[in-house]
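Colleague: Encoded as C-alpha cells, here's the structure I'll be asking about.
Each reported figure results from applying straightforward, stated rules to the coordinates on display, with no laboratory input. Source: prediction; values computed, not measured. Counting neighbours? That spans all protein chains shown, and the Cβs are built from the backbone with ideal geometry, glycine included.
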Amino acid sequence: MYASREDIEYDFGDDSKAGNKPIKPNPNIDGGWAWMIVLSSFLVHILIMGSQMALGILNMEWLEEFNQSRGLTAWVSSLSMGITLIVGPFIGLFISMCGCRKTAIIGGILNALGWILSAYASNVHYLFLTFGVTAGVGSGMVYLPAVVMVGQYFQKRRALAQGLSTTGTGFGAFLMTALLKYLCTEFGWRNAMFIQGAISLNLCVCGALMRPLFHIISEKHVVRSNSEDNQAKALSRSAETIKSNGVLHEEPEKREEATNEEMHDSVQHIEIGGKSRSGRSIYGLCILKTVSQLMVTVRKGFSIWYSSYFGAASLFTNRVFVAFIIWALFAYSSFVIPFIHLPEIVKQYNLSSQNNVFPLTSIIAIVHIFGKVILGIISDFPCISTWNVFLMANFTLVTCILTLPLMQTYVTLAVVCALIGFSSGYFSLMPVVTEDLVGTKHLANAYGIIICANGISALLGPPFAGWIYDMTHKYDFSFYISGLLYMVGIVFLLIQPCIQKKQLRETSTEEAQV
C-alpha cells in the first residue's frame, strides 16, 4: 500500500538476541481497530458522497433563486462531485507526506468551509468557487484516505469491508435527501447549507479515527529503534552489564560522574549564554531545522508519487488498467445524472405527489446499500470471480440507464431505479478490482487515477444532460447518449483482457519454440 511513514509505523521488541527482523502480523488487521476504520469510512461516505447524491434538492433551489439555465446551474453540483474525484492523484502526494489522518482532518475543515461560504452566494459563479472548488477539494482530501485506510487494515474479506464502508453512500443519499429537503423547507436553502457545513465538521472526527497501522517486530530479534525510549533501555542494559563485572565496576561510575558534571557545566554555560545573548539564534536554528526536514519529506514524497505515475514502472504500461481508466471516464456520469435530474423528470411527468411520499432517489439510495453488501459477499466466494461480478453489474446498470426514459409511471420508474441502485453496488468492488490489476503497493495511486477519471465523468455528465435539455426540452437523449458511451467503456473492459491473454499465449508459444 502506498502510504506515508505515519500511516505504517513499527513497534519494536526489546530482546537483544542477534538475528533478522521478521514482521509479526498486527492484531488490528482484519479485526480490532480495523472495524473502527470501517466505521470512519462509512461516516465519510455518508457526509460526502451521500450529500452529493442529494444535491438535486439544492439544484432546484438554485434554479429558482438565480434564474439561470439548467446547464449552467448543473455545473455547481458537477464541479463539487467532479473535483472530489479529480483531485485523487494529487491527494496521493499529500498522503505520502502527511499521512491519511492529517490529510483527512484538513480536508474536513476545507469541506465545511465550502458549505458555509456557499450560504452567502449572490450568484451561480460564486457557488462555482465556494461549493464546487473549495468543498470539492476538501471532500477529495477526506474521501481517498477513507478508501485507502480500509485497504490497509484488511487482507481477508476486503471486498466485504469495502462494501460495508461504501454503503454509507446509500445511507447518506437517503438521509441527506430527507435532511436537506426539511432544512430547505423550514429554514431556506442558505441556512440549510450553513447547517450542513457545521455537520460536515464531523469529517475531522472521522479523520482522527484513521489511526496509523503499526507493524510489530518479533521480540526474538535485535531491532534498532530511533525512539528515545529504546535508546534509554539499551543504555541502562549496557550499564548493568558493565557493573556486573567487578574489575570494570568503579571506572564506569567515575566516567558517569564526570559525564554528569560535564553536562551540568554545559547546561550552566548555556543558561548564562542565554541570559547574556538573545535567544533568537536558537529559535532561528529550530525553524531552519524544521523547514529542512519538511523539504526532505516533500522531496521524498514527490519522488515516490512522480515515479509511480510517470516512472519506468508507470501504471500506464498496464493495458488492462488503461482500459479500466477509459471505462471510468464514461461510467460515473450514467450514475450521477439520475440523481441530479430525477427531481426535474418527476416534475415533468406530474408525479410529484407520489415522489414526495417516497422519492425515487431514495429508492436508488436504499437498494444501493444492499447492492454493495450483497455484491461484496458474492465476490468473496473463492469460486466466483470478482471481475465477472463487476462486469455483470455494469451490464445491468447500462441497460437500466438506456430504458429509464421509456418509463413514464411512478411504479415503472421505481423498478428501474431499484435496479440502478442494486447494480451500482459494484462501486464497492472497484478498489478490489484495482488491486487485482496493479497490486497492493500501487493501490492508492491507481485508485486515485480511477476516481480522477470518474470525477471527469461526473464533472461533464450533469451539465451535458442539462445542455441537451435546454436544446430539446427532454432528458431522453441525455440518458441515451450517456448509456451508449457507458457501453463503449464496458467494451474496452471486455476487449483488453482478451488481447492480453492472446499476447501471453503467443509469447509462451514463441518461448517454447526457442
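Colleague: Using a basic spin-label model with each label point 7 Å from the Cα along Cα→Cβ, how many nm lie between I481 and K156?
Modeller: Reported label-point gap for I481 and K156 is 5.0 nm.
Colleague: Scaled to the compact-protein estimate 2.2 N^0.38 Å, what is the alpha-carbon radius of gyration of segment 118-194, rounded to two decimal places? Mind showing how you got there, number by number?
Modeller: Numbers: Rg = 16.5 Å, N = 77, 2.2 N^0.38 = 11.5 Å.
Against the compact-globule rule of thumb, the ratio is 1.44.
Colleague: Now for a different question. With θ set to phi - 60° and the Karplus curve 6.51 cos²θ - 1.76 cosθ + 1.60, what are the ³J(HN,Hα) couplings of segment 96-102 in order, to the nearest whole Hz, using x for Gly and Pro?
Modeller: Here the 3J(HN,Hα) series is 5, 9, 9, x, 5, 5, 5 Hz.
Colleague: Same structure again: So what's the convex hull volume per residue for the Cα atoms of segment 313-513, in Å³?
Modeller: Details: hull volume 26.1 nm³, N = 201.
Convex hull of Cα atoms, per residue: 130 Å³.
Colleague: Pop out the ³J(HN,Hα) list for segment 125-134 in order, Karplus 6.51 cos²θ - 1.76 cosθ + 1.60 with θ = phi - 60°, rounded to Hz; leave Gly and Pro as x.
Modeller: Computed from phi, the couplings for segment 125-134 are 5, 4, 5, 4, 7, 6, 7, x, 8, 5 Hz.
Colleague: Hey, with R₀ at 60 Å, roughly what FRET efficiency would F381 and I282 work out to, going by the Cβ-Cβ distance, to 0.05?
Modeller: Between F381 and I282 the formula returns 0.40.
Colleague: Name the long-range amide H neighbours of L213: under 5 Å, sequence gap of 5 or more, or other chain; modelled H, no Pro or chain starts.
Modeller: I8, E9
Colleague: Could I ask something else about it? Each residue of segment 461-469 in turn: what ³J(HN,Hα) in whole Hz from Karplus with 6.51, -1.76, 1.60 and θ = phi - 60°, glycine and Pro shown as x?
Modeller: Result, rounded to whole Hz: x, x, x, 5, 5, x, 5, 5, 5.
Colleague: Still on this structure, I have one more. Stretched out fully, how many nm does the piece from I374 to F358 gain, at 0.36 nm a residue minus the Cα gap?
Modeller: 3.4 nm
Colleague: For segment 31-212, go through all pairs of different Cα atoms, get the mean of 1/r, take its inverse, and jot down that Kirkwood value in Å.
Modeller: The Cα-based Kirkwood calculation yields 16.3 Å.
Colleague: Would you mind working out the magnitude of the charge dipole of segment 31-212 relative to its Cα centre, with +1 at each Lys and Arg C-beta and -1 at each Asp and Glu C-beta, to the nearest 20 Debye?
Modeller: 720
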